[in-house]
Amino acid sequence: MLEVKDLHVSYGGIRALRGVDIEVPDGKIVTLIGANGAGKSTLLRTISGLVKAESGSITYNGKEILGMSINKILELGIAQVPEGRRVFTNLTVLENLRIGAYLRRDRDGIQKDIDWVYELFPRLQERSWQMAGTLSGGEQQMLAVGRALMSRPKLMMMDEPSLGLAPLVVKGIFEIIREINRQGVTVLLIEQNANMALKTADLACVLETGTITLRGTGAELLTNEAVKRAYLGE
């Protein structure tokens, strides 16, 4: 389980997170919704070691990870799919996937996981020798997810996976999120499409100006009147 307690993060004197508490139980999909600038991406970047916290605690399976290096956090089984995909555009699909396994030394296991990613995303296998920069937005998102899976994560954090994608592609991405979860990967999801996120998630939180203001199951927040007005356009 991932546990964040009383987390405070500031950028240049501006408080981005104010005493955030969140739990991500093993085997669940947990989503975090909120307006742009609420601090959602900051939270993920702090968990993954990219941003330093002022105070608070982040533990994973009882081990404090706040202050650990990015590689140590990755070795513990926490991987992030960044906002905007961030694939290596001048490398092939296969090379991008291999980069996802850069901490691993088990050659046979790496090949097995490449085959697994290709099963999840047949389009990537079709384009394995194509430069990542020439892929469509949806294909690049598939590649970003596949690259993260190559580290064999126990917890995958996803930052706006549907951003800029066509509705049909978005539906496919969420189907993959569910399938990854069914295969044993815990998911912490940040998503602009609150409707899809809440329908997919077991548990959900609302983050507003750096503070958690609501929490419950995905189904509960889907029917919450304040959430409907603010995030579901109802």
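The table below lists the values:
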read-out	value
All-pairs Cα distance distribution in the chain, expressed in whole percent, bin size 10 Å	8, 33, 36, 19, 3, 0
Cα pair count fraction exceeding 14 Å, expressed as % - region 124-178	55
Spatial extent of region 178-230: Rg and Dmax, with the Cα atoms as the point set, Å	11.6, 34
The chain, relative contact order [Cα under 8 Å, separation at least 6], %	27
C-alpha center-to-center spacing [region 146-170, region 1-48] in angstrom	18
In order through region 197-210: 3J(HN,Hα) via Karplus (6.51 cos²θ - 1.76 cosθ + 1.60), integer Hz, x for Gly, Pro	4, 5, 5, 8, 7, 6, 10, 8, 9, 10, 10, 10, 6, x
Helix-only [θ]222 nm of the chain, DSSP H runs n ≥ 4, -39500 (n - 2.57) each, per residue, nearest 500	-11000 deg cm²/dmol
Phi-based couplings in Hz for region 152-165 (Karplus 6.51, -1.76, 1.60; Gly and Pro marked x)	6, x, 8, 10, 10, 9, 10, 10, 6, x, 9, 4, x, 9
Cut-off under 5 Å, modelled amide H: who pairs with M158 long-range	V81, L188, L189, I190
Kirkwood Rh, Cα atoms: Rg over Rh of region 104-234	1.02
Approximate shape of region 25-126 as ellipsoid semi-axes (Cα gyration tensor, √5λ), whole Å, largest first	28, 18, 14
Mean Kyte hydropathy of -1.0 or more with a Cα span along the axis of at least 15 Å, helices from DSSP in the chain	107-120, 137-149, 167-182
Cross-link reach list, lysines versus K199, counting only Cα pairs under 23 Å and skipping chain neighbours closer than eight places	K28, K40, K154, K171, K228
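Each reported figure results from applying straightforward, stated rules to the coordinates on display, with no laboratory input. In this text, all values refer to a predicted model and were calculated from it rather than measured experimentally.
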